[in-house]
Amino acid sequence: MCGSRLLYDGAIVAERYAAVGEFLDTNPSGADPTVAAIITAARSTTGAAFAADLHALAYARGAAAELLGRFYALLLPTTTEHPSLAAVAADPAGINRRMGTFTNFCNLLDLAAIAIPAAPLPDARPFGVMLIAAAFGDQVAIDIAARLSGVSTPLLVNHGVELAVFGAHLRGQPLHPQLQELGARYCGPITTSDAYRLTVLDTTPAKPALVRTDPGAGAGIRGELYRISEAGLGRFLAALPPPMALTAIELENGSEVVGFTATQDATSDATDITAYRGWLAYLAAQR
């Protein structure tokens, strides 16, 4: 919490005075009184106090980095209370300090954070929580927030290659960890166009193979879409055992992505399971 205190009460506020102090001294009516009071109070800050707080900030950043090195993120309340407008008017700085107990340190400590709504309090007042991750951990915080909220995870980046999987690399399947090790990100469910058949290869573990056929002669096969870096895709392809291969897969919306298939000789005698419309449905039917 020392990071939160440094934001408003520490000597580091002198940086703000250095930036806009002269304006506030000469144009006091042009600023919010509360903001002006916080900034102009730093007018008398000593160099020794400023240096001491810089050391305190460096220590706090190191402690935060060590803590977040052991966890994906911190889950904290977004704020501490629900003040009335009258209470804020009577003590704006004090209320703001208290409400920012769990948030004010984020910028100073160079952390990423996202706030999401949670279940309301027993008296029906709203309540929210915040996910705090390390610097550049925006996507980590967003992923966890999406899971807690039950919504689809948005992707912050568009670089890399879209990769479609339909079998043993699906979530919960034996080879899914290979995608995780390569940093692949789950984008969502997909379905192919109706120009594909699904077959089972005689491999260990058993794997399905998507086989291209004439439009309308197959079915929409369900799978999952991932985004993987070009380097990750290269390593993935280099480790791909025969008879598996990668090729362009047409989705039901007409777009094409890179996805799994198998060599023609491996699928000629394979068992056709197209009627199940997906590998997971086929596995469920075998139980």
Identify the residue in the stretch 108-155 that is more than 13 Å from the chain's Cα centre (by Cα) and of a type in the set (Asp, Glu) and, among all such residues, is nearest to LEU7 (Cα to Cα).
ASP110
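Only residues that are assigned to a helix (DSSP H, G or I) and touching a residue at least 24 places away in the same chain (Cβ under 8 Å): list them for the stretch 219-242, please.
So the first thing to find is which residues in the stretch 219-242 are assigned to a helix (DSSP H, G or I), and the list is 230-238.
The answer is GLU230, GLY232, LEU233, ARG235, PHE236.
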With respect to LEU131, is the statement that it is crowded, with 17+ Cβ neighbours inside 10 Å, at pLDDT below 90 and either in the same structural domain as CYS187 (by TED's automatic domain parsing) or not polar (S, T, N, Q) (or both) true?
no
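Pick out the one residue from THR261, THR191, THR199, THR274 that is at pLDDT 90 or above, within 21 Å of VAL161 (Cβ to Cβ) and among the β-branched types (Val, Ile, Thr).
Going through THR261, THR191, THR199, THR274 in turn, the sole match is THR191.
Please report, ordered by residue number, the helices (runs of 4 or more DSSP H) entirely within the stretch 41-132 with at least 1 residues that are among the aromatic types (Phe, Trp, Tyr). Step through it out loud before you land on a result.
Details: elements: 47-68, 85-90, 92-99, 105-108.
In the stretch 41-132, the matching helices (runs of 4 or more DSSP H) lie at 47-68, 105-108.
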Before we move on, is GLY259 within 21 Å of LEU179 (Cβ to Cβ), in contact with a helix residue (DSSP H, G or I) (Cβ under 9 Å, 6 or more places away or on another chain) and not in a loop (DSSP other than H, G, I, E, B)?
no
Looking only at the stretch 100-123, how many residues end up being farther than 18 Å from LEU75 by Cβ and without any contact (Cβ under 8 Å) to a residue 60 or more places away in the chain?
3
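Give the number of residues within the stretch 105-117 that are in contact with a strand residue (DSSP E or B) (Cβ under 8 Å, 6 or more places away or on another chain) and buried (at least 16 other Cβ atoms within 10 Å of the Cβ).
Step one: filter the stretch 105-117 for residues in contact with a strand residue (DSSP E or B) (Cβ under 8 Å, 6 or more places away or on another chain), giving 106, 111-117.
Narrowing further to those that are buried (at least 16 other Cβ atoms within 10 Å of the Cβ): 106, 111-116.
The qualifying residues number 7.
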Determine if the stretch 33-54 includes at least one residue that is modelled with pLDDT of 85 or more, among the charged types (D, E, K, R) and either over 27 Å from ALA89 (Cβ atoms) or in contact with a Leu (Cβ under 7 Å, 6 or more places away or on another chain) (or both).
no
Provide a single number: the residues in the stretch 137-173 that are assigned to a loop (DSSP other than H, G, I, E, B), at pLDDT 80 or above and within 18 Å of SER229 (Cβ to Cβ).
3
Taking only the stretch 255-272 into account, find how many residues are in contact with a Pro (Cβ under 7 Å, 6 or more places away or on another chain) and surrounded by 17 or more Cβ atoms within 10 Å (Cβ to Cβ).
2
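Considering only residues that are more than 10 Å from ALA42 (Cβ to Cβ) and not in a loop (DSSP other than H, G, I, E, B), which ones fall in the stretch 16-30? It would help to see each step written out before you state the result.
So the first thing to find is which residues in the stretch 16-30 are more than 10 Å from ALA42 (Cβ to Cβ), and the list is 19-20, 22-30.
ALA19, VAL20, GLU22, PHE23, LEU24, ASP25, THR26, PRO28, SER29, GLY30 - these are the residues of the stretch 16-30 that are more than 10 Å from ALA42 (Cβ to Cβ) and not in a loop (DSSP other than H, G, I, E, B).
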Filtered residues of the stretch 232-258 (kept if at pLDDT below 85 and out of contact with any strand residue (DSSP E or B) (no Cβ under 9 Å at 6 or more places or on another chain))
PRO241
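The values are calculated or read from the model by the stated rules, or taken from the named source; none is laboratory data. Worth saying up front: this structure is predicted, and the values here are computed from it rather than measured. Note that each Cβ is placed from the backbone with ideal geometry, even for glycine, and that neighbours are counted across all protein chains shown.
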